[in-house]
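Participant: Dropping a structure here in structure tokens format, bear with me for questions.
Here, each number is a calculation from the coordinates, and none is a lab measurement. Not measured: the values here are computed from a predicted model. Please note: Cβ atoms are built from the backbone with ideal geometry, for glycine as well, and neighbour counts cover all protein chains shown.
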Amino acid sequence: MFLGRKVAFYKRAQILVADLHFCATTSISPVSDTQRGGTPCIFNDIDALTMFADYRVPQVLKYFGILEYSDTLTNALNQTTFKDPDSRFEVELRGNSIEAVERIVNTMNQLIDEEKTKPNRELQSKTKCNNSSIDCPESKTKNTSCDRKESSSSSINTSSTEINTSSSEIKSSTEDRINAITVDVFLWNYRRDHVEEIDREPYHRVVSVCY
């Protein structure tokens, strides 16, 4: 219960669904439109899953400055004692982590959509340059094709970390987009690769079978 309202986190159930989907889609590659949603464990609504609300992803989100903790919460976490399961601060941490990842997904997909329009814009600009007598943007010569730097498609630089959606472990139902599972897997693996650095951030300890 949270403020008189029943709140449920289906972390383990969601991991089961995601793992089954991953195994099915990697065993059948590429997945056709007829197979997606019609083959067992290949779910066309896999994007409906949220991140897997545990205790490590909130820690990484705090490390990146995406989540901010109050002094009261920080002091409680720094005590490194086990907290009661389903306490208010545990529900808030897990719930806010889900919301934070959803916002990351939405923002990154918007950036991906913007990246997809760049080749068309550059082609139009190149055509105009070739058919005009004006100086080409980003070029020092006239009447030549524009020299442009290639953009890093499908990757976003967060601090010093590159998130490459082309190598994500759980594909979105739309291949050129990402979902909450993609971000969750990246954050979880990032923490494993940077244990000493990230473990400076506090995390909640709860005796529970739900993690």
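Participant: Mind counting the residues in region 59-72 that are closer than 12 Å to TYR203 by Cα and under 13 Å from the mean Cα position of the chain (by Cα)?
Facilitator: Residues that pass the stated criteria total 2.
Participant: Is one or more of the residues making up region 42-50 closer than 18 Å to LYS6 by Cβ and in contact (Cβ under 8 Å) with a residue 12 or more places away in the chain?
Facilitator: There is at least one residue in region 42-50 that is closer than 18 Å to LYS6 by Cβ and in contact (Cβ under 8 Å) with a residue 12 or more places away in the chain.
Participant: Return the pair list, or none, for Cβ contacts closer than 6 Å from residues in region 82-95 that are of a type outside the set (Gly, Ala, Ser) to residues that are part of a loop (DSSP other than H, G, I, E, B) and surrounded by fewer than 13 Cβ atoms within 10 Å (Cβ to Cβ), at least 6 apart or on different chains.
Facilitator: PHE82/VAL207; VAL91/VAL7
Participant: Would you check which residues across region 90-117 are surrounded by 15 or more Cβ atoms within 10 Å (Cβ to Cβ) and either over 20 Å from THR50 (Cα atoms) or in contact with a Lys or Arg (Cβ under 7 Å, 6 or more places away or on another chain) (or both) and list them?
Facilitator: GLU90, ASN109, ILE112, GLU115
Participant: Return the pair list, or none, for Cβ contacts closer than 9 Å from residues in region 4-17 that are surrounded by 11 or more Cβ atoms within 10 Å (Cβ to Cβ) to residues that are among the small types (Gly, Ala, Ser), at least 6 apart or on different chains.
Facilitator: Every condition considered, the pairs that remain are VAL7/GLY95; PHE9/ALA53; PHE9/GLY95; TYR10/ALA53; LYS11/ALA53; GLN14/ALA53.
Participant: Filter region 66-103 down to the residues that are β-branched (Val, Ile, Thr) and not in a helix (DSSP H, G or I) and list them by number.
Facilitator: ILE66, THR80, THR81
Participant: Right, next: If I ask for residues that are exposed (fewer than 14 other Cβ atoms within 10 Å of the Cβ) and within 22 Å of the chain's Cα centre (by Cα), which ones from region 191-211 would you list?
Facilitator: Result: ARG192, ASP193, HIS194, VAL195, GLU197, ASP199.
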